[in-house]
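Reviewing the structure listed below.
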Amino acid sequence: MPTIVPATSAEDIAAVKSIFLDYLRFIEDYLGQSLSFQGTEAEFADFPQSYDALWLAQVDGEPVGAVGLKPFGPGEAELKRLFVLPAGRGHGLGEALCRACVDGARAQGYTRLLLDTDRGLSHANAVYERLGFTDVPKYYDNPMDSRFMALAL
């Protein structure tokens, strides 16, 4: 049975870090370029210090997906590193993880949730659109042709 849990134990945080690193390998292969401009080396050197919250998706107790909530600016946070491993796909976990992150951002008092994604990731884009995210201007220095989105909370 699929579940979404806040990642608070050392074991869950380690599982999220592993999934996020899998995400980085996947997206860098997909894009053909590094995401180092996002400060990924520092992010993973002191993981999870740059996040306010992490969620872990599990199927039959096995970690298969994750997402993070990262503070961005006054009243704003980012939905970061959403990824579901192939073993967890087909259960609606990407959307469930997004919903957990949206609810968590609201609970922490954020008023706007930001994200950036690649336009070619059609499944992810469809999830974000279903949840009410809309296109916004580029909100940070990103050399790629990313899609920038936000959700008023």
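A cut-off of 5 Å between modelled amide H atoms, ignoring neighbours fewer than 5 places along the same chain, links Glu78 with Lys70, Phe72, Leu114.
With a cut-off of 13 Å between beta carbons, the residues surrounding Leu113 carry a summed charge of 0, where Lys and Arg count +1 and Asp and Glu -1.
For segment 41-99, the convex hull spanned by the alpha carbon atoms encloses 90 Å³ per residue.
For the options Val67, Val16, Val127, a Gaussian network treatment of the chain with springs between C-alpha atoms closer than 10 Å singles out Val127 as fluctuating the most.
For Leu35 and Ser122, calculate 0.36 nm times their separation in residues minus their Cα-Cα distance, and state this gained length in nm to one decimal. Separation in residues times 0.36 nm, less the Cα-Cα distance, equals 29.4 nm. With semi-axes defined as the square roots of five times the eigenvalues of the C-alpha gyration tensor, the equivalent ellipsoid of the chain measures 21, 18, 17 Å, largest first. Which parts of segment 99-121 would a label at Asp145 reach, counting a residue when its backbone N lies under 13 Å from a point 7 Å out along Cα-to-Cβ? Answer for this model: 118-121.
Bear in mind these aren't lab numbers, they're just calculated from the coordinates by the rules spelled out. Small disclaimer: the values here were computed from a predicted structure and weren't measured. With ideal geometry, Cβ positions are generated from the backbone for all residues, glycine too; neighbour counts draw on all protein chains shown.
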